[in-house]
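Read the structure below first, then the notes.
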Amino acid sequence: MHVNDPPALLLEAVAFAAEKHRHQRRKDAEASPYINHPIALASLLKREGVGDVAVLCAALLHDTIEDTNTTADELRVHFGEVITSVVLEVTDDPKLDKAERKRLQVAHAHALSERAKLVKLADKICNVYDMVAAPPASWTLERKREYLRWAKEVVDEVRGAHPGLEAIFDDVHAKGVRALAAPG
């Protein structure tokens, strides 16, 4: 673990996430490589002035436990307790059904640590942007609209964490709502 070398730690997180997500694709029509998503989160956070390496690494690793065979213990060995705890805060329990996972994200969002709130904000921004720009190929218009409503509920629970990210979310969300508005 490169605790005293933040660039090395970030590169280790990128490499770890890339290896774990190597066979995964996004649900868009192009089947984009999944690793583009966590990299987009970390890039957005850095552009918006978040320099905390724990947040950036957690953004890169945020879906590894939920969507791969990665364990919390494995993350602890490679990245330490701080980064692992942030990842765990934003990880849904895959044993629960989708509706319950979504409900719990809203219910628990206000209690997230400041670091986890930043990762959650970046995740919702990137997901809403992707959902409008390159939506999952099989999603209906209503499912897309429901995703926008739910993402806003989650973000509303973390407001105050980073006004710049919140403004970006509001802009991306508003564009999404306009793009998915009923014709006429």
Out of Gly160, Ala29, Gly80, whose Cα points farthest toward the positive end of the dipole of the chain (charges: +1 Lys, Arg; -1 Asp, Glu; placed on Cβ)? Ala29
The range 150-184 to the range 99-129: how many Å between their Cα centroids? 13
Helix 114-133 sits at what angle to the longest principal axis of the chain, using alpha carbons and giving 0 to 90 degrees rounded to 10? 40
Under 12 Å Cα-Cα from Lys144, which aspartates and glutamates qualify once same-chain neighbours fewer than 8 residues away are excluded? Asp130
Does a label point 7 Å from the Cα of His108, set along Cα-to-beta-carbon, have any residues of the range 25-63 with amide nitrogen under 19 Å, and which are they? 55, 58-63
Lys and Arg at +1, Asp and Glu at -1: add these up for the other residues within a Cβ distance under 12 Å of Ile168 and post the number. -1
Can you give the angle from 0 to 90° between the axis of helix 98-109 and the longest principal axis of the chain, with both taken from C-alpha atoms, to the nearest 10? 70
Past 24 Å, Cα to Cα, is the threshold; run Lys20/Lys175; Lys27/Lys120; Lys98/Lys175 against it and keep the listed order. Lys20/Lys175; Lys98/Lys175
Of the options Gln105, Pro94, Trp139, report the single residue whose Cα projects farthest towards the positive end of the charge dipole of the range 6-179 (beta-carbon charges: Lys, Arg +1; Asp, Glu -1). Trp139
Whose amide H sits under 5 Å from the amide H of Asp28, counting only residues 5 or more places off or on another chain, with H placed in the peptide plane? Ala137
Using a 7 Å offset from Cα along Cα-Cβ at Asp156, what residues in the range 119-150 end up with backbone N under 11 Å from the label point? 149-150
Order by protection proxy (mean Cβ within 10 Å, highest first), peptides 98-109, 83-94, 154-165, 122-133: 122-133, 83-94, 154-165, 98-109
Thinking of the range 1-40 as a set of Cα atoms, what percent of all their pairs are more than 13 Å apart? 55
Proximal charge balance of Glu19 [Cβ under 15 Å; K/R count +1, D/E count -1]: -2
Fully extended, how many nm does the chain gain between Gln24 and Ser138 (0.36 nm per residue separation, minus their Cα-Cα distance)? 39.4 nm
Sum up the charges of everything whose Cβ sits under 14 Å from the Cβ of Pro33, counting Lys and Arg as +1 and Asp and Glu as -1, but leave Pro33 out. -1
Does the range 1-125 classify as rounded, prolate or oblate by the C-alpha gyration tensor (a ≥ b ≥ c root eigenvalues; a/c under 1.5 gives rounded; else a/b over b/c gives prolate, otherwise oblate)? rounded
Relative to the chain, whose Cα atoms define the longest principal axis, helix 163-179 and its Cα axis are tilted in degrees, nearest 10, by 40
Under the classification rounded if a/c is under 1.5, otherwise prolate if a/b is larger than b/c and oblate if not, where does the range 25-69 fall, given a ≥ b ≥ c as square roots of the Cα gyration tensor eigenvalues? oblate
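Coordinate-derived values only; no laboratory data. Every value quoted in this text rests on a predicted model; they were computed, and no experiment measured them. Glycine gets a Cβ as well: all are built from the backbone with ideal geometry, and neighbour counts include every protein chain shown.
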